[in-house]
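So the structure is just underneath, and the comments pick up after that.
The values are calculated or read from the model by the stated rules, or taken from the named source; none is laboratory data. Keep in mind it's a predicted model, so treat the numbers as computed, not measured. Please note: Cβ atoms are built from the backbone with ideal geometry, for glycine as well, and neighbour counts cover all protein chains shown.
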Amino acid sequence: MAHETVAAAEEILDREFSVLDQGFVRLVDYCGGDQRIVQAARVSYGEGTKSYREDRGLIHYLLRNLHTSPFEQVSLTFHAKMPVFVARQWVRHRTARLNEISGRYSVMKDEFYLPRGEAIAPQASDNKQGRSPEAFDPDRQAAIRDTLQAEQARSYQAYQELLDQDVARELARINLPLSMYTEWYWQIDLHNLFHFLALRLDAHAQYEIREYARVMLDIVRRVAPLATEAFEEHQMGAVRFSRREFEALQALLRPVTDGEDDGDPAVRAAAEDAGLKGRDADRFVSKIQTGRMA
């Protein structure tokens, strides 16, 4: 396959996109884009063999039907700076290659994350791992920020004092807090990046990592706009039903479709009201009728 250059991606190479108070994400490099995906799927060479419309249809088909290997032909390399607690969530996605700054070799910088006031909230009553959507009042927010900042300053001062006593860097760092910023290079293929984004853009993900995922989605859209469109349509914006949930959905629709013999007009009308036309509408009707991908 010929090397693919994407003009919109070239425009943002090495540009820092700010995240949180001191963090950033930048695209360092990429390999391939939409054309790489369709070429890999067709196992053909050269550009212009198919129209834009056909390329778009193929990419949507691939993602809709979980034919994901062509997306693995595209890779992106990011340089990101984030608080340590964000990095520890991020690194759970083990399908990437990364190289992180080491506190054994380098003196860590005096850089810590301080959440904005509206991000400072109590524990959610209905979520054991998340915060309430309702923030504390402004005075309480300011007091909590002051507490966080004072603890960060004390921790870094103690770190500096240990370094001044010639304590090894790998030992001096161990009391530094999770709010300290770290950096890494992170390389991942597009299939696994979409999986990362689907999870980390979800409303259940922690606010801070969602902010990184939001910026990265915009960057990916520059590299592979058709693939990103398909991802938003078939993954991020989709809902998955269990077998029993789908049976309940079919039962719910049965009163308006019983007795129809021409493709369930009520279901088709609902599809068309949602903007589905032609084959897309046919596919929706078939799914409802059979419970299988079409």
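Residue selection: Asp110 fails the criterion of being of a type in the set (Asp, Glu), surrounded by 16 or more Cβ atoms within 10 Å (Cβ to Cβ) and either assigned by TED's automatic domain parsing to the domain that holds Ala213 or in contact (Cβ under 8 Å) with a residue 12 or more places away in the chain (or both). Among the residues of this structure, Asp202 does not count as one that is without any contact (Cβ under 8 Å) to a residue 24 or more places away in the chain, part of a helix (DSSP H, G or I) and surrounded by fewer than 19 Cβ atoms within 10 Å (Cβ to Cβ). Exactly one residue out of Asp126, Asp202, Asp137, Asp189 is at pLDDT below 95 and in the same structural domain as Val223 (by TED's automatic domain parsing): that is Asp202. When the criteria are applied in full, Arg254 fails the requirement of being modelled with pLDDT of 75 or more and basic (Lys, Arg). Of note, Arg88 does not satisfy the criterion of being over 26 Å from Ala143 (Cα atoms), basic (Lys, Arg), exposed (fewer than 11 other Cβ atoms within 10 Å of the Cβ) and outside the structural domain of Glu151 (by TED's automatic domain parsing). Condition (residue is assigned by TED's automatic domain parsing to the domain that holds Arg210, surrounded by fewer than 16 Cβ atoms within 10 Å (Cβ to Cβ) and at pLDDT below 95) applied to the stretch 26-36: is it met by at least one residue? The answer is no, given that none of the residues of the stretch 26-36 is assigned by TED's automatic domain parsing to the domain that holds Arg210, surrounded by fewer than 16 Cβ atoms within 10 Å (Cβ to Cβ) and at pLDDT below 95. Just to be sure, is Phe246 in a loop (DSSP other than H, G, I, E, B) and either of a type in the set (A, V, I, L, M, F, W, C) or within 18 Å of Glu111 (Cα to Cα) (or both)? The answer is no for Phe246.
I'd like to know if the stretch 127-137 contains one or more residues that are assigned to a loop (DSSP other than H, G, I, E, B), closer than 30 Å to Gly33 by Cβ, hydrophobic (A, V, I, L, M, F, W, C) and out of contact with any Pro (no Cβ under 7 Å at 6 or more places or on another chain). No, every residue in the stretch 127-137 fails to be assigned to a loop (DSSP other than H, G, I, E, B), closer than 30 Å to Gly33 by Cβ, hydrophobic (A, V, I, L, M, F, W, C) and out of contact with any Pro (no Cβ under 7 Å at 6 or more places or on another chain). Is it the case that the stretch 216-235 has a residue that's assigned to a loop (DSSP other than H, G, I, E, B) and acidic (Asp, Glu)? No, the stretch 216-235 contains no residue that is assigned to a loop (DSSP other than H, G, I, E, B) and acidic (Asp, Glu).
Filtering Arg56, Arg88, Arg97 for residues that are under 30 Å from Ala172 (Cβ atoms) and out of contact with any Phe, Trp or Tyr (no Cβ under 8 Å at 6 or more places or on another chain) leaves a single hit, Arg88.
Scanning the stretch 138-179 for residues that are in contact (Cβ under 8 Å) with a residue 40 or more places away in the chain and assigned to a helix (DSSP H, G or I), we see that the one that is nearest to Lys109 (Cα to Cα) is Tyr156. Candidates are the residues of the stretch 209-253 that are buried (at least 17 other Cβ atoms within 10 Å of the Cβ) and hydroxyl-bearing (Ser, Thr, Tyr); the one that is nearest to Ser69 (Cα to Cα) is Thr228.
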